[in-house]
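J.: This is the structure I have questions about; it appears just below.
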Amino acid sequence: MKQIFIAAIATTLLFAACTSSNNKKDLPPVAPRDTTVTPAVAYSDIFLDSATMEKFIAQEGYRDSLANRLRSFYNSRNYQYAWFFKEGAADCAATFHDMYNDYINYSGDSSLKNPQLETLYDSVLSGNLKITDSLTAKTELLLTAQFFRYARRAYQGNNQLDAKELEWFIPRKKIDPAGLLDSLLANKGKNLSAYEPVNRQYNLLKEQLLKYYAIEKNDNWAPIATDKKSYKLNDAAPVLTAIKKRLFLTGDLEKEDSTTTFNTELQAAVKGFQKRYGLKEDGIINTAFLTQLNKPIQERVQQILINMERIRWMPVAPTTDYILVNIPEYRLHVYENGNYAWSMNVVTGSVVHSTVIFSGALKYVVFSPYWNVTPSIIKNEILPGMAKNKNYLASHNMEWNNGAVRQLPGPKNSLGLVKFLFPNSYNIYLHDTPAKSLFGESSRAFSHGCIRLAEPKKLAQYLLRNDAAWDSVKITKAMNSGKEQYYTLQKTIPVFIGYFTAWVDRQGKLNFRDDIYGHDKKLAERLFKK
């Protein structure tokens, strides 16, 4: 279960120790593999024979992808050893060996076990094999191949998981393990975060995972039973002591408090907890609060690991403008030049009409839009309505249009006064809505799949901010003109429709949300199968 955490930190710790005490010289950067490389990268004082490597690859029966990574990596360094010197193994070899074994033991993931490597490595370290022995070359090559496997699992995710079968249609990130190893060695394992191919959320969640492992190990996380449905400020009850202890463990209560009174400190802690879980922030301990507080700690650990796996599929955050919608959070986040700018509430698809997880490029802003009703809605809602009421279309400001139904522009239009298109095969887009009251709900899965915006004009102003011809007045006028008008963005903006039920916010707080579509459950069945 804990394999994601161990894999991520292992590579970090490995190359922190990768500058051997036997190698005193500063190393120049490794040349790109598509150029002619000279022996300038004097990382080691011993060399592999290319024929030995080819014989090794044939004996191990490696697939072409792994075999070619080995060839490319050693060719780029003139076949110099990475893990050994004449005097013995480099520090990084011992560190990597220890860390990947810790990973295997801690996670229960046996896929990286390699008895042959273990036997050879122990013999080399014990001095039973000379550094010039051909078996040392085999150990060197086994370590490098092991690193490539390890890096792919740590940074790219479990390749046995079919993302599309899990209803995830954002293209999975791809990495270059050989290039990563080049960078790590060239930089002596320093400044890993500068080139580590993971989204920053990954490491933020990893830190929180450590805390939850500690809680799981050291505390009895038993359900807390209450004798009342709710507790509020100035109430007194023995159970409040247990609740305070739990909130102190989760970091919501700043100081330990064994009293039985509902004081202002507890009220603030309850509000903080409610915010982190997407609950109504009223400072009252009620059924919704206790349901989240009493979730087993093992379930929270799994929830963090599930989302770390998903984040490994995501691209490293763009440095351009982009938009991220997190479905379980019911929020849209706007980023400018890769930095957070602002966010707003959204309404997403219901459980029956779930919003698809995918990515696209926002290209059009459509003012005073028509709503072209989808065939499924026509069949399931419009036609039955027309059968009961012959004036159904007119009463809903609708009309027939070339054999289909559309709703005319205006304030009663289901898409509101503006929509935002990023062309896709799922017919999903962002739009305004006349149903403003729904944004006040803590759970906002109500739509047919598209994403309704609480502040559509603000998004329009942001997208058109660099066009002097479109100020706030003109945007408002276009939204209320009653005549459909398209605006084509000069540069498309990436849009990610994601599904994350655990993340760390900008205040460093760990957030959890309910698995509204059951995607966590599906992924858990595959990640944690016994």
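J.: Could you check the simple spin-label distance between ARG71 and ASP235, using points 7 Å along Cα→Cβ, in nm with one decimal?
T.: Taking the simple label geometry, ARG71 and ASP235 are separated by 7.0 nm.
J.: Given an 8 Å cut-off on Cα distances and at least 6 residues of separation, report the relative contact order of the chain as a percent.
T.: About 15 percent, as a whole number.
J.: Choose one of PHE273, TRP342, ILE323: the residue whose Cα lies farthest towards the positive end of the charge dipole of region 270-359 (beta-carbon charges +1 Lys, Arg; -1 Asp, Glu; about the Cα centre).
T.: Selected residue: PHE273.
J.: Rg to Rh ratio, region 332-391, alpha-carbon atoms and Kirkwood radius? Present the calculation step by step, with values, prior to reporting the outcome.
T.: Working: Rg = 17.3 Å, Rh = 15.6 Å.
That ratio equals 1.11.
J.: Taking R0 as 56 Å, what's the FRET efficiency between ARG200 and LYS388 from their Cβ-Cβ distance, rounded to 0.05?
T.: 0.55
J.: Near GLU484, within a Cβ-to-Cβ distance under 12 Å, what is the net charge of the other residues, with Lys and Arg +1 and Asp and Glu -1?
T.: Local charge sum for GLU484: +3.
J.: If GLU381, GLU140 are ordered by their accessible area, calculated over protein heavy atoms with a 1.4 Å probe, which sequence runs from highest to lowest? Walk me through the numbers on the way to the answer.
T.: Details: GLU381 80, GLU140 0 Å².
Descending accessible area places them as GLU381, GLU140.
J.: Through the Karplus equation 6.51 cos²θ - 1.76 cosθ + 1.60, θ set to phi - 60°, convert the phi angles of region 171-180 into ³J(HN,Hα) values in whole Hz; use x for Gly and Pro.
T.: Calculated HN-Hα couplings, in order: x, 6, 5, 10, 10, 10, x, 5, x, 5 Hz.
J.: Could I ask something else about it? Under the √(5λ) rule applied to the eigenvalues of the Cα gyration tensor, what semi-axes describe the equivalent ellipsoid of region 412-483? Give them in Å, descending. Let's see the in-between values first.
T.: On the way: eigenvalues 102, 43, 29 Å².
Over the Cα atoms of region 412-483, the semi-axes work out to 23, 15, 12 Å.
J.: Any idea what the dipole of region 243-383 comes to, in debye rounded to 20, about its Cα centre with Lys/Arg Cβ at +1 and Asp/Glu Cβ at -1?
T.: 260
J.: Same structure, new question: Got a sec to turn the phi values of region 421-433 into Karplus ³J(HN,Hα) couplings, 6.51 cos²θ - 1.76 cosθ + 1.60 with θ = phi - 60°, whole Hz, x for Gly and Pro?
T.: 10, 10, x, 7, 7, 9, 6, 10, 8, 9, 7, 5, 7
J.: Next question, about the same structure. Go through [x] 32.5; [y] 22.5; [z] 24.5 and flag the label whose value is the computed mean projected area of the Cα convex hull in nm² for this structure.
T.: Identified label for the calculated read-out: [x].
J.: Right, here's the next one. May I ask you to evaluate 6.51 cos²θ - 1.76 cosθ + 1.60, the Karplus curve with θ = phi - 60°, for each residue of region 266-277 and list the ³J(HN,Hα) values in order in whole Hz, giving x for glycine and proline?
T.: 5, 4, 5, 5, 5, 4, x, 5, 4, 5, 5, 10
J.: Find which of THR476, VAL356, PHE73 sits farthest along the positive direction of the dipole of the chain, computed with +1 on the beta-carbon of Lys and Arg, -1 on that of Asp and Glu, about the Cα centre.
T.: Sorting the options by dipole projection puts first THR476.
J.: For a distance above 18 Å, tell me the whole-number percent of Cα pairs in region 361-455 that qualify. Walk me through the numbers before you get to the answer.
T.: On the way: 2240 of 4465 pairs.
So the portion of pairs separated by more than 18 Å is 50 percent.
J.: A further question follows. For region 206-340, what is Rg from Cα atoms divided by 2.2 N^0.38 Å, rounded to two decimals?
T.: 1.23
J.: First check a/c for region 353-511, with a ≥ b ≥ c the square roots of the eigenvalues of its C-alpha gyration tensor; if it is under 1.5, answer rounded, and if not, answer prolate when a/b is larger than b/c or oblate otherwise.
T.: On the way: a/c = 1.86, a/b = 1.27, b/c = 1.46.
Cα axes put region 353-511 in the oblate bin.
J.: Just the number, please: percent antiparallel of the DSSP beta bridges in the chain, rounded to the nearest 5.
T.: Within the chain, antiparallel bridges account for around 80 percent of the total.
J.: In what sequence, largest accessible area first, do HIS448, HIS431 appear using a 1.4 Å probe?
T.: Putting HIS448, HIS431 in descending order of accessible area: HIS448, HIS431.
J.: Turning to a different aspect of this structure: How about region 152-260: which GluC sites (Glu not before Pro) there lie in a loop by DSSP and see at most 14 other Cβ atoms within 10 Å?
T.: Those that pass, being in a loop and sparsely packed, are GLU165, GLU254, GLU256.
J.: Follow-up question, since we're still on this one. Return the carbon/sulfur percentage of the accessible area of region 351-427, one whole number, probe 1.4 Å, all protein chains in place.
T.: Carbon-and-sulfur percentage of accessible area, whole number: 54.
J.: Could you compute the net charge surrounding ASP321? Neighbours are other residues with a C-beta less than 15 Å from the C-beta of ASP321; K and R count +1, D and E count -1.
T.: Once all neighbours under 15 Å are counted, the net charge is +2.
J.: For region 297-317 and region 454-530, what is the centre-to-centre distance using only Cα atoms, to the nearest Å?
T.: 21
J.: Name the residues whose placed amide hydrogens come within less than 5 Å of the amide hydrogen of VAL346, ignoring near sequence neighbours (fewer than 5 apart) on the same chain.
T.: ARG331, LEU332
J.: I've got another one for you. Modelling each spin label as a point 7 Å along the Cα-to-Cβ direction, I'd like the LYS458/ALA361 distance in nm, to one decimal.
T.: Spacing of the two 7 Å Cα→Cβ label points: 2.8 nm.
J.: Rounding to the nearest 20 debye, state how big the charge dipole of the chain is about its Cα centre with +1 on each Lys and Arg Cβ and -1 on each Asp and Glu Cβ.
T.: 1400
J.: Now for a separate question. So what is the 222 nm mean residue ellipticity for the chain from helices alone, if each DSSP H run of at least 4 adds -39500 (n - 2.57) and you divide by all residues, rounding to the nearest 500 deg cm²/dmol? Please list the in-between numbers first.
T.: Values: 17 runs with 201 residues, N = 530.
Rounded to the nearest 500, it is -11500 deg cm²/dmol.
J.: Ignoring any ligand, DNA or RNA, what whole percent of the accessible area of region 270-315 comes from carbon and sulfur when the probe is 1.4 angstrom?
T.: On the way: 800 of 1480 Å².
Carbon and sulfur atoms account for 54 percent of the accessible area of region 270-315.
J.: May I have the convex hull volume per residue, in Å³, for the Cα set of region 293-375?
T.: Taking only Cα atoms, region 293-375 has a hull volume of 172 Å³ per residue.
J.: Ok, one more. For region 226-306, how big is the tail of P(r) above 23 Å, as a whole percent of Cα pairs?
T.: Tail of P(r) above 23 Å: 15 percent of Cα pairs.
J.: Here's a follow-up. Counting only other residues whose beta carbon sits under 15 Å from that of ARG465, what net charge do I get with K and R as +1, D and E as -1?
T.: Cβ neighbours under 15 Å give a net charge of -1.
J.: For region 444-524, what is the accessible area per residue in Å² when the probe is 1.4 Å?
T.: Values: 3890 Å² over 81 residues.
Roughly 48 Å² per residue, with all protein chains present.
The values are calculated or read from the model by the stated rules, or taken from the named source; none is laboratory data. Since this is a predicted model, take the numbers as computed values, not measurements. Quick reminder, even Gly has a Cβ in these numbers, built from the backbone with ideal geometry, and neighbours come from all protein chains shown. When the accessible area is computed, the model is the full protein with side chains, heavy atoms only, and any ligands, DNA or RNA have been set aside. Shrake-Rupley method; radii C 1.70, N 1.55, O 1.52, S 1.80 Å.
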